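First up is the structure itself, then whatever we jot down about it.
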Amino acid sequence: MRLHYLLLLGILLLTGTARAQTFTFSASAGIPDDRTETCFPIVVSGLPTRADSTFGLMAVTLNITHSYDSDLLIRMRSPMGTYVTLVNRRGGSGDNFVQTILRGNSPVLIANGIAPFTGAFRPEQSLFTFNDGSDPNGTWNLCITDMVGSDSGILNNFSIAFGANPPVDPPAPPAPCSMTNPAGCVCQDTTQIVCDLLPDMIASGPIISQQHTETPGNLRLSNATPNIGWGPMEIHGTGQCFCDTVAVACGTICPNGDQPKERISQRIYRKTSATAMSSFDRPAGYMSYHPSHGHVHVDGWARFSLRRSTSNPDARTWPIVAQGAKVSFCLINLGDCSRNPGWCVGSNGQTVTLADIPNAGFGSVSGCGRDQGIFTGHLDIYGQGLTGMEIPLNNVCNGNYQLVSITDPDDNFLESDENNNWVAVPITLTRQTAPPAPTFSWSQIGSNLAFSTGNLPVGATFSWNFHDGSPLDTVHNPTIHNFLTPGVHTVTLTVTSPCGVDSVTRTITVLGLTDNEAIAPEFRLRAAPNPTVTGTTTLRYGLSRPQPVQIETFNLLGECVRRLDLGVQPAGEQSAELEFGSSLPAGVYIVRLRAERGTQTVRVVKE
């Protein structure tokens, strides 16, 4: 009886766990960084000739060193030539796969894992696909493609394990929204069946609140752009490249040494019936290749700035104190509204998770190549340690401000809500050095004195007091004032800013006018249009008798920048075209008409 029991146990061992076996590729090998698939082989032998539900592939274990995990597409190929995708560009900018076990019964999808993916995960596609009755003996291959240049990696080792009763995948949840499952997609208006599934890109205030660093002269911040809409934010290169406005072949270098910009299209997914889906592309701006790190960035994707708030509820109208440097980004899934709690906030101010987004997970492309995107319910993250994630604080005082982040500031992309792309986060600066005290300078042009400021703090208000009974000037800077009498006058400039209130008072000597510079109001000198946008204005004036006329244009430093000699003109109404030309910058100018009967000036603004 005892012998019969031992014999039965031996048979069970031979037909069950005794056949479990692991095969390992242990030779460290580089992963080519050239967008080509490289396969690493393992020879499997000595197994039963049929892989099925009673015996088959159990798991795949990876150990990979790589500095940007989402560059990698990892697939397994059986001796029969069947492919299964294990990892499809997951992990964002995270590093490495460390003892990453891929098996069918893991409760955690690799898509929801976080680099370095240590532990057990369920792969992109089912490993049970290999247990289809085919012979598992032969050469298996782990095939890896580095989809984006610059970041490189090494396959340290991998193994594949076979055993009895291989785990099957858990029951599939209701099929999510996708191109192949339109029935799982919900329209924004739930009463509709036919609709465009538009993205809704927002800016994340919580990440800015949690992750920013102030140093003297600089403010670094993290930025995130979640998609809380009904469809993916997806863009594709069109193959149309430009150096400025000149069409060129993509891949060439522009005359100024820059990479050309490639026109991009945004792909919109349209649900055409309860069971059908289509898509169309629309123009959506440009993207640029960055050779320093091998990424393609979408131009004008986000803009952040330091601002002073006003009574207007729209932060995009607030005056800018300092502007961020970085505006172009890869569109890549680096998190989602559940794994990054609190970072997705709806228009009503409520926190949003994947459970609140009907079509969460919808999307097909993501990364830093010519095809990019942010899936529905996912978000892109740019940490404060990355290049360009800063706002230079030049001449900015300590005090209370608002950090404003705007996604798609140029409105290049079509979204379900075009009015919720911005967020304002209050911030208090405490480490800035007060700028030098304000100053002002002046120059006399005929009877007019032009005043301009120096060392004016960013965001400051000002007030000119000429102490001659005229109203305070709180609008113009530079400004022009006409003193009615020559001699010594007092001028005070008062500046109010977060740095405090500063006043500077100077005594001004207004020189007396010579006889031929006496003001001649009879000229009735005027200019139109004024301001001028085109750089051209028409001067009109009257002469009481024939006389030579000269027209001079001065900047606010008192320098004559244009002189027009018109010769002797007859009595009566006259006109003259005044050209500022492209060489003169926008600003305020003094135009003086000089004739035998005297002079007269008019203030002209070139916009």
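The values are calculated or read from the model by the stated rules, or taken from the named source; none is laboratory data. What you are looking at is a predicted structure, and each value in this text was computed from that prediction instead of being measured. Glycine gets a Cβ as well: all are built from the backbone with ideal geometry, and neighbour counts include every protein chain shown. Keep in mind that these areas ignore ligands, DNA and RNA; they rest on the heavy atoms of the full protein, side chains included. Shrake-Rupley method; radii C 1.70, N 1.55, O 1.52, S 1.80 Å.
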Of the residues in region 582-607, those that are charged (D, E, K, R), more than 17 Å from LEU525 (Cα to Cα) and open to solvent by 40 Å² or more (accessible area, probe 1.4 Å) come to GLU607
Of the residues in region 320-348, those that are farther than 17 Å from ALA424 by Cβ, among the small types (Gly, Ala, Ser), out of contact with any helix residue (DSSP H, G or I) (no Cβ under 8 Å at 6 or more places or on another chain) and open to solvent by 30 Å² or more (accessible area, probe 1.4 Å) come to ALA325
Taking region 301-325 and keeping residues part of a strand (DSSP E or B) and acidic (Asp, Glu) leaves none
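Of the residues THR492, THR505, which single one is within 30 Å of ASN465 (Cα to Cα) and either over 46 Å from the mean Cα position of the chain (by Cα) or open to solvent by 50 Å² or more (accessible area, probe 1.4 Å) (or both)? So that I can check it myself, show each step before the final result.
Numbers: THR492 fails: either over 46 Å from the mean Cα position of the chain (by Cα) or open to solvent by 50 Å² or more (accessible area, probe 1.4 Å) (or both).
After ruling out the rest, the residue left standing is THR505.
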Checked pairs for region 586-597, first over 12 Å from PRO478 (Cβ atoms), second modelled with pLDDT under 85 and not in a strand (DSSP E or B), C-beta under 6 Å and 6 or more apart or across chains, list as ALA586/GLU607; ARG592/GLY446; LEU593/PHE523; ARG597/ALA520
Being hydroxyl-bearing (Ser, Thr, Tyr) and either at positive phi or more than 56 Å from the chain's Cα centre (by Cα) (or both) narrows SER583, SER544, SER575 down to just SER544
message = Whether any residue in region 456-474 is in contact (Cβ under 8 Å) with a residue 60 or more places away in the chain, in contact with a strand residue (DSSP E or B) (Cβ under 8 Å, 6 or more places away or on another chain) and not in a loop (DSSP other than H, G, I, E, B) is what I want to check.
response = no
Considering residues that are buried (at least 17 other Cβ atoms within 10 Å of the Cβ) and either touching an Asp or Glu at 6+ places or on another chain (Cβ under 6 Å) or closer than 30 Å to SER93 by Cβ (or both), the number found within region 158-174 is 3
Only one of PRO531, PRO478, PRO498 is in contact (Cβ under 8 Å) with a residue 40 or more places away in the chain and closer than 18 Å to ASN448 by Cα, namely PRO478
Scanning region 91-118 for residues that are of a type in the set (A, V, I, L, M) and open to solvent by less than 20 Å² (accessible area, probe 1.4 Å), the one farthest from ALA164 (Cα to Cα) turns out to be ILE110
For region 175-190, the count of residues that are in a loop (DSSP other than H, G, I, E, B), open to solvent by 30 Å² or more (accessible area, probe 1.4 Å) and of a type outside the set (Val, Ile, Thr) equals 5
The condition of being among the basic types (Lys, Arg) and modelled with pLDDT under 50 holds, among ARG35, ARG2, only for ARG2
How many residues of region 349-372 are surrounded by 24 or more Cβ atoms within 10 Å (Cβ to Cβ) and not in a loop (DSSP other than H, G, I, E, B)? The answer is 1
Selection from region 251-300 of residues buried (at least 17 other Cβ atoms within 10 Å of the Cβ) and outside any strand (DSSP E or B) yields GLN259, PRO260, GLY294, GLY300
The residue that is nearest to the chain's Cα centre (by Cα), considering only those in region 119-146 that are closer than 15 Å to GLU37 by Cβ and surrounded by fewer than 20 Cβ atoms within 10 Å (Cβ to Cβ), is THR145
Reported set for region 415-442 where residues are assigned to a loop (DSSP other than H, G, I, E, B) and open to solvent by 60 Å² or more (accessible area, probe 1.4 Å) is GLU418, ASN419, THR430, ARG431, THR433, ALA434, PRO436, ALA437
Quick count over region 430-461, residues being closer than 20 Å to LEU306 by Cβ and of a type in the set (A, V, I, L, M, F, W, C), is 4
Scanning region 393-414 for residues that are farther than 29 Å from ALA284 by Cα and not in a strand (DSSP E or B), the one most open to solvent (accessible area, probe 1.4 Å) turns out to be ASN394
Of the residues in region 552-582, those that are in a strand (DSSP E or B) and touching a residue at least 60 places away in the same chain (Cβ under 8 Å) number 1
Note on region 90-99: residues assigned to a strand (DSSP E or B) and either of a type outside the set (A, V, I, L, M, F, W, C) or on the phi > 0 side of the Ramachandran plot (or both) are GLN99
The condition from (1) open to solvent by less than 20 Å² (accessible area, probe 1.4 Å); (2) within 43 Å of the chain's Cα centre (by Cα); (3) β-branched (Val, Ile, Thr) that VAL533 misses is numbered (1)
Of the residues in region 191-213, those that are in a strand (DSSP E or B) and closer than 18 Å to PHE329 by Cβ come to MET201, HIS212
Scanning region 53-89 for residues that are outside any strand (DSSP E or B), open to solvent by less than 30 Å² (accessible area, probe 1.4 Å) and not hydroxyl-bearing (Ser, Thr, Tyr) gives ASP69, ASP71
Going through region 102-155 in order, the residues found to be among the polar types (S, T, N, Q) and part of a strand (DSSP E or B) are THR139, ASN141, THR145
Scanning region 583-600 for residues that are assigned to a strand (DSSP E or B) and closer than 17 Å to THR536 by Cα gives GLY587, VAL588, TYR589, ILE590, VAL591, ARG592, LEU593
